[in-house]
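Notes for the one structure printed next.
The values are calculated or read from the model by the stated rules, or taken from the named source; none is laboratory data. Keep in mind that this is a model prediction, so the values were computed, not measured. Using ideal geometry, Cβ is built from the backbone for each residue, glycine included, and neighbour counts are taken over all protein chains shown.
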Amino acid sequence: MTSRLALAARRPARSLPITIRNQVLFTLVIGASLAVLVAGFVGYAPNRLVSGRPIALWAAADPLSTAGILALGAILLTACLMTPSRTLHYVVAVLAAALLLLALAAAGHAASILTIGAKPASRISLGAAFWTLIACAALAVVDALQRLAVGPAARVLAVAVIASGAVVLATSGTFDALSIAREYDSRHQVFADALLRHVTLVAASVGAAVAIGFPLGVAVVRNPHLQGPVFAILNTLQTIPSIALFGLLIVPLSLLTTVVPQLAVLGIAGIGVAPAIIALVLYALLPVVRNTSAGLTGVDSAIVEAARGMGLTRRQIFWQVELPLAFPVLLAGLRIVSVQAIGLAVVAALIGAGGLGTFVFEGLGQYAVDLVLLGALPAIVLALAADFMLQILAAVLPSRLAP
Amino acid sequence: MPLFLIYSIGAVVALFFSALSLATVAWPAEDTIVVGSKIDTEGSLLGNMILALLEPRGLTLESKLQLGPTNIVRAAILAGQIDIYPEYTGNGALFFHIEENPAWKDWAAGDAKVTALDREYNGLVWLAPAPANNTWTIAVRKDVAESHRITSMDDFAKYVANGGRIKLAASAEFVESPAALPAFETTYGFRLSDEQLLTLSGGNTAATLRAAAEGMSNVNAAMAYGTDGAVAALGLVALKDDKGAQIVYAPAPVVREAVFQRHREIATVLDPVFATLTLETLQGLNAEIAVDGQDARAVAVSYLKSRHFLP
């Protein structure tokens, strides 16, 4: 009786001509298709200051790449209709990764074709259709890997394959004709310095924030009456707009160096690296303290009781029981502050701290979008890489920590 | 014990990065000359020229080009963090809060005034400024300029008075500061209504020029800087300020006196070069950087070589 009822209920769905079995992938394919149909794959501008004229995929890319992109899109669309299985998810992951790399190659190739015979000042920039296609392909890979519930090793492998594909394309000169590569080309001498400075700003500030925030978080858990005032201060700090905080630090630090001239010798001054790191530390403190305290309070009190019953000292309980159990939450806090600091460090260029923000603000000043991208894209890649590495670390560590 | 291991590795990594950050901050050696510049096109052009000219003189140099906006770079030289950077004479009006003084509207008098004030109060030496004026101007679309024969602010004032269609994109500062648009209006006798203005709060010339070039919101005129390289490339014409309504902003190297006393040759090297930097020359060089996207250092060096300042 029940089975017949269930059959009856299922019948209307069966009578539909098609059933979308993977709605996420379907949305991504449709989104990417619409973008490719409506928007420009690349943009052509007579110089780097004016907006580019959008050129559609089929008009810009070579026929082979266009056909490849369309074919991969069609196969992925068919995959949405097929019964989900592990094999299908693997196929989708591989095809979406291939689509991503093909789109990159097609854009680079299109640029080199369009540059032939064009004036030296003319620029070919990446269009909205390109960015949408890349984003949708990347999300399709992520979604497929999530459906497969693969372990950290497979995720690292997937990222490594795609990244090395992109690196191979870059080193073979595929992107050389694109506007952003031309921006890089004229600044390659300072780019490495800016990138290193950016990473240094982030590493120094996150390191200091952990060094200050972790003990503070432990103290807050041990002395709950501290919780109110500490979080009140840290929350207030978090609400100050970054440009304002960077600017606000100039006056007190300049005063400090006038009063204690020895500090100036150490490079501490109202402008430059010191105020940038201080501001970044202040922003990083709240997530570090909050996650430390949340992680430690989240430890099941029964486990702590059991440890005490086994005769462990307070110190042993902290290092061997509470901390390992709280570690994933602490690592999540570290992820938040790393990604946040990478983004905020861009603004630090305004107070003479250097870093990738130099390109962003120079580009904004010249209205040269591709120069802005030369600063913004590496910052995004850095943030994604930091997030990914800490995610993998979080996935790998607990199993090692467990007795 | 794995946790202790993890934490000791963490500590070593943290120490490494702290050392690294200190190393990149690296305080300058005793007699290093730190060259700074503003975070804009002309700043990097002139800063790179100063670097390229001083390098062959056997001086120890450190580059802090593209340090930040005007207030940051000015604070840096006052604090002794940088030793030399290119600044504009007219900014003396801003630094010393004497915008009303008529001296700023004259190339030579403005230079003399800022040179005297900065030497007396801040121990800064102004070297010879370039014979150029990077002041506020108004740029109009070429089609408007040609069909109505507008080349100067006088022509512009007549065009506006005769009911010509104008929509000017400008920053709030340009519209409101008595030294900017109001100074043009009183000197040339015209008045722009609110409908004829598109005010971008905090807008820079890159945004206003682009608005005019692409005709966004019917804009056909834009606030601009005199030596801006983008004006011609975007199909705009900068109007001449024949009556001198605006403060004169002549670019000149500013050096800390202590450094200048030790290295007087800085003036003998830089002065003849700045003397060649006319308005047209700077527009051309700035355009090579901002429009063609060339490296500021390459543009600076190739100019210095073409004029035989560098071998």
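For the condition touching a helix residue (DSSP H, G or I) at 6+ places or on another chain (Cβ under 7 Å) and surrounded by 14 or more Cβ atoms within 10 Å (Cβ to Cβ), what is the one hit in A:Ala194, A:Ala170, A:Ala181? Working first, answer last.
Working: A:Ala170 fails: touching a helix residue (DSSP H, G or I) at 6+ places or on another chain (Cβ under 7 Å); A:Ala181 fails: touching a helix residue (DSSP H, G or I) at 6+ places or on another chain (Cβ under 7 Å).
Selected residue: A:Ala194, the only one of A:Ala194, A:Ala170, A:Ala181 that is touching a helix residue (DSSP H, G or I) at 6+ places or on another chain (Cβ under 7 Å) and surrounded by 14 or more Cβ atoms within 10 Å (Cβ to Cβ).
Output yes when any residue across segment B:247-257 is assigned to a helix (DSSP H, G or I) and either within 30 Å of B:Ala180 (Cβ to Cβ) or away from chain A (no Cβ under 14 Å) (or both), and no when none is. Within segment B:247-257, one or more residues are assigned to a helix (DSSP H, G or I) and either within 30 Å of B:Ala180 (Cβ to Cβ) or away from chain A (no Cβ under 14 Å) (or both). In segment A:350-367, of all residues being at the interface with chain B (Cβ under 7 Å from one of its Cβ atoms) and more than 20 Å from the chain's Cα centre (by Cα), the one that is modelled with the highest pLDDT corresponds to A:Phe361.
Sub-8 Å Cβ pairs linking a first residue in segment B:99-128 that is free of Cβ contacts under 8 Å to residues at least 12 places away in the same chain to a second residue that is crowded, with 17+ Cβ neighbours inside 10 Å and assigned to a helix (DSSP H, G or I), at least 6 apart or interchain, are B:Ala103/B:Gly110; B:Ala103/B:Lys113; B:Ala109/B:Ala103; B:Ala112/B:Ala103, ordered by first then second residue. Scanning segment B:59-76 for residues that are in a helix (DSSP H, G or I), facing chain A (nearest Cβ under 8 Å) and over 15 Å from A:Gly365 (Cβ atoms) gives B:Ala75, B:Ala76.
Test B:Phe309 against the stated conditions and say whether it is assigned to a loop (DSSP other than H, G, I, E, B) and either farther than 30 Å from B:Ala183 by Cα or at pLDDT below 95 (or both).
On the way: assigned to a loop (DSSP other than H, G, I, E, B): yes; either farther than 30 Å from B:Ala183 by Cα or at pLDDT below 95 (or both): yes.
The answer is yes for B:Phe309.
The condition of being under 30 Å from A:Trp319 (Cβ atoms), more than 28 Å from the chain's Cα centre (by Cα) and touching a residue at least 12 places away in the same chain (Cβ under 8 Å) holds for only one of A:Val218, A:Val251, A:Val206, A:Val288, that being A:Val218. When segment A:339-357 is filtered for residues that are surrounded by fewer than 24 Cβ atoms within 10 Å (Cβ to Cβ) and not hydrophobic (A, V, I, L, M, F, W, C), the ones remaining, listed by number, are A:Gln340, A:Gly343. Here A:Ile336, A:Ile277 are screened, and the one residue that is over 20 Å from the mean Cα position of the chain (by Cα), β-branched (Val, Ile, Thr) and under 22 Å from A:Leu195 (Cα atoms) is A:Ile277. Within segment B:35-91, being closer than 14 Å to A:Gly354 by Cα, among the polar types (S, T, N, Q) and more than 13 Å from the chain's Cα centre (by Cα) holds for one residue alone: B:Ser63.
Quick one: in segment B:138-155, which of the residues that are touching a helix residue (DSSP H, G or I) at 6+ places or on another chain (Cβ under 8 Å) and closer than 21 Å to B:Ala233 by Cβ is surrounded by the fewest Cβ atoms within 10 Å (Cβ to Cβ)?
First, the residues of segment B:138-155 that are touching a helix residue (DSSP H, G or I) at 6+ places or on another chain (Cβ under 8 Å): B:138-141, B:148-151, B:153-154.
Next, from what is left, pick out any that are closer than 21 Å to B:Ala233 by Cβ: B:138-141, B:150-151.
Numbers: B:Ile138: 25, B:Ala139: 28, B:Val140: 25, B:Arg141: 20, B:Ile150: 24, B:Thr151: 15.
Result: B:Thr151.
Please verify whether segment B:148-164 includes one or more residues that are of a type outside the set (Lys, Arg) and within 21 Å of the chain's Cα centre (by Cα).
So far as segment B:148-164 goes, no, none of its residues is of a type outside the set (Lys, Arg) and within 21 Å of the chain's Cα centre (by Cα).
Which of (1) within 11 Å of chain B (Cβ to nearest Cβ); (2) buried (at least 18 other Cβ atoms within 10 Å of the Cβ) is the odd one out, the single condition A:Gln316 does not satisfy? Checking A:Gln316 against (1) within 11 Å of chain B (Cβ to nearest Cβ); (2) buried (at least 18 other Cβ atoms within 10 Å of the Cβ), the one that fails is (2).
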